[in-house]
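Asks: Sharing a structure, written as structure tokens. Questions coming.
The values are calculated or read from the model by the stated rules, or taken from the named source; none is laboratory data. If you're wondering where the values come from, they're calculated on a predicted model, not measured in any experiment. Here the Cβ positions follow ideal geometry from the backbone for every residue, glycine too, while neighbour counts run over all protein chains shown. Note: areas computed on protein heavy atoms with side chains; ligands, DNA, RNA excluded. Shrake-Rupley method; radii C 1.70, N 1.55, O 1.52, S 1.80 Å.
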Amino acid sequence: MAEPRTPDPDEIRALVRRIVEATLAGQPTSESATASTDGATSTPGASPGASGAPAASADPRVAVALGSDHGGWQLKDTIAKQLTEAGYAIHDCGTNGPAAVDYPDIALAVARLVADGTCRWGIVLDGAGIGSAMVANKVPGIRAANCHDLSSARNSREHNHANVLTLGARFLGEGLALEVVRVWLGTAWGPGRHAERVEKISQVERTYAAGAPRGGAA
């Protein structure tokens, strides 16, 4: 009988990665072992909890940074309640009342918690969700997506590896907003061509961070 071949280091690393990913499969909070800024994801189609929110995670380290301006604070609190019941740890970045606040401040607070690894995901609400996405995407390592339905939520995760979700509280009812959150958290980052294209996004970010010439005003 032939002597068994000793696998080389690359083969061992690939095997360990497959074992880790297989072990994490099925948890709505599992992440790729090679993901940057703690943004990778869960298994597509993860089952919801009894309340319709994402199923509870077995990993107590899973945290969601959650924030809203005065246009969506009530919906934010509803989302926070659902996610807490489902087992997620919530970092509430405000606001918690109807007094006017500036959405850039809230979006920045959420994005920072994701970028520094305190939270794996961020969710921000304002009137339309567009401005918060613009702000969050200024923070290195953040890929924020303004989603308005289940298809855009799923696509932003699988194709674009989004780690921050922004929602327009004026445009989404409570039921749809909760479903968007459920699908967004329950969709895994896509490998292969999706990961390769996201790496090109990251390369653009690194290029400009290094001081590349900037374009003029529109």
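Asks: What whole number of Å gives the distance from the Cα centroid of segment 65-107 to the Cα centroid of segment 150-203?
Replies: Cα centroid to Cα centroid, the span is 19 Å.
Asks: Here's something else I'd like to know. Amide H of residue 162 versus every other amide H placed in the peptide plane: which residues, excluding those fewer than 5 positions away on the same chain, fall under 5 Å?
Replies: Amide H to amide H, under 5 Å and 5 or more residues apart or across chains, residue 162 pairs with 157.
Asks: Show the residues, 5+ positions off or on another chain, whose built amide H is closer than 5 Å to the amide H of residue 137.
Replies: Placed amide hydrogens put 144 under 5 Å from residue 137.
Asks: Given N residues in segment 123-186, what is Rg(Cα) / (2.2 N^0.38 Å)?
Replies: Working: Rg = 10.6 Å, N = 64, 2.2 N^0.38 = 10.7 Å.
This ratio for segment 123-186 stands at 0.99.
Asks: State to the nearest 20 debye the size of the charge dipole of segment 136-198 about its Cα centre, where the only charges are +1 on K and R beta carbons and -1 on D and E beta carbons.
Replies: 200 debye
Asks: Could you give the length gained on full extension between residue 206 and residue 194, defined as 0.36 nm per residue of separation minus the Cα-Cα distance, in nm?
Replies: Length difference between fully extended and current span is 2.5 nm.
Asks: Would you work out what percent of the accessible area of segment 82-218, with all protein chains in place, is carbon or sulfur (probe 1.4 Å)?
Replies: Details: 3660 of 6690 Å².
For segment 82-218, the apolar C and S fraction of the accessible surface comes to 55 percent.
Asks: Oh, and also: Report, in debye and to the nearest 20, how large the dipole of segment 83-164 comes out about its Cα centre when Lys and Arg carry +1 and Asp and Glu carry -1 on their Cβ.
Replies: Using only the charged Cβ atoms, the result is roughly 300 debye.
Asks: Still on this structure: Tell me, what is a quarter of the convex hull surface for the C-alpha atoms of segment 56-157, in nm² with one decimal?
Replies: The number I arrive at for segment 56-157 is 6.1 nm².
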